[in-house]
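Working notes for the structure below.
Laboratory data are not the source of any read-out in this text; all were calculated from the coordinates shown. Small disclaimer: the values here were computed from a predicted structure and weren't measured. Don't worry about glycine lacking a Cβ; one is built from the backbone with ideal geometry, like all the others, and counts go over all protein chains shown.
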Ligand SMILES: Nc1ncnc2c1ncn2[C@@H]1O[C@H](COP(=O)(O)OP(=O)(O)O)[C@@H](O)[C@H]1O
Ligand SMILES: [Mg+2]
């Protein structure tokens, strides 16, 4: 049985905005599914429907075997949710919040403290557990929110942009935790606007743009679909580029791009073709100053499918160090 099955799912808001415009997807149990798209693509709206916080205006979805519209209580019992804007009471400590969450989820009173400690340790907040959440950094709040989402050992975990705005270290900590959850068999549905995050974490991913899924598959398959690796060469100053192009034109796509003293060759047979290209250039008397083998990236995939680059992707905001954080 698929952990998540989505069929022709739609959500139209008042005023006619169709934020989610007919999405079909399936996530297998135990998979990490990445839902990659820019701001405003419809990621959060999709997640809110899958976690029963928002009703679909058309189509259907089943999560952990239950229909989100007609069996929402069954769905909720089996899922954990960490939304983009976590509302954490700034005056409570991390430990108080997690114990409250445990109590709300009906964990037996004698187990509440142990379960709380286990999760606090797991997300690396043991030393901050007695501090008020208002003093936590963004990364610490995301980790606490994740711990709270895990309190009842959900089968399916939804993470809506768990690392947006985090510094690289906090991001890596969250990635490790997602991998650990996957290793333990939890299904994870994770939205992101970061190409690298989707590439690193997702077993399979869907690319969403303007409410529609424009591509889906494993990161490797998606990249292989859009292109071959390119060999980028920089020739020594003063090289006769036209002549060099002739030499490399017998490789790859025969239409090497050139610019200044720079040549880019699409390799038909991948890395195995590097040595023959270099040998041919050397035989013709060209000195190569630099070379780089560039694999197609998910950005190439995004560009091919949408005609645009996925922006805002790769530079997270630095996180303010220390000091009371303002809750949004
Ligand atoms: N409650 C709402 N009412 C009207 N429009 C909304 C509402 N929520 C989201 N939208 C619109 O739906 C689109 C998708 O938003 P969202 O799902 O939040 O995208 P993402 O999470 O990918 O950034 C956007 O154009 C957004 O402005
Ligand atoms: Mg969002």
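General remarks:
- Using a cutoff of 8 angstrom between alpha carbon atoms and counting only pairs six or more residues apart, the relative contact order for the chain works out to 21 percent.
- Per-pair calculated FRET efficiency, R0 = 35 Å: residue 294 and residue 85 via Cβ, rounded to 0.05: 0.40
- The order of 10, 118, 85, going from fewest to most other C-beta atoms within 10 Å of their C-beta, is 85, 118, 10.
- 0 to 90° range, to nearest 10: angle between helix 94-104 axis and the chain longest Cα axis: 60
- Scaled radius of gyration (Cα, divided by 2.2 N^0.38 Å) that segment 175-274 gives: 1.54
- Between the helical axis of 168-183 and the longest alpha-carbon principal axis of the chain there is an angle of about 70 degrees.
- Note on residue 100 and residue 224: the extension gain reaches 39.9 nm, defined as 0.36 nm multiplied by sequence separation minus the Cα-Cα distance.
- As a calculated quantity, the FRET efficiency between residue 242 and residue 287 at R0 = 25 Å, using C-beta atoms, amounts to about 0.95.
- Percent antiparallel among DSSP beta bridges (both partners in the chain, rounded to 5): 65
- Counting beta carbons within 10 Å around each of 111, 264 and listing the fewest first gives the order 111, 264.
- Computed over the chain, the range of Cα coordinates on each principal axis works out to 79, 45, 38 Å, biggest value leading.
- On the principal axes of its alpha carbon atoms, segment 172-211 extends 33, 19, 12 Å, with the longest extent given first.
- Using only alpha carbons, segment 228-296 has a radius of gyration to Kirkwood radius ratio (Rg to Rh) of 0.91.
- Between 248, 20, 32, the Gaussian network model of the chain with springs among Cα atoms under 10 angstrom shows the greatest mean-square fluctuation at 248.
- Residue-span extension gain [residue 127 to residue 308] - 0.36 nm each, minus C-alpha spacing: 60.7 nm
- In nm, spacing of pseudo-spin labels at residue 203 and residue 57 (7 Å Cα→C-beta vector): 3.4
- Folded to 0 to 90 degrees: helix 274-283 orientation relative to the chain principal axis, Cα: 30
- Counted residue by residue at 0.36 nm each, then reduced by the alpha carbon distance between them, the extension gain from residue 74 to residue 108 reaches 10.2 nm.
- Pair-distance distribution P(r) for segment 113-262, from all Cα-Cα distances in 5 Å bins starting at 0: 2, 7, 14, 14, 12, 10, 8, 7, 7, 6, 5, 4, 2, 1, 0 percent.
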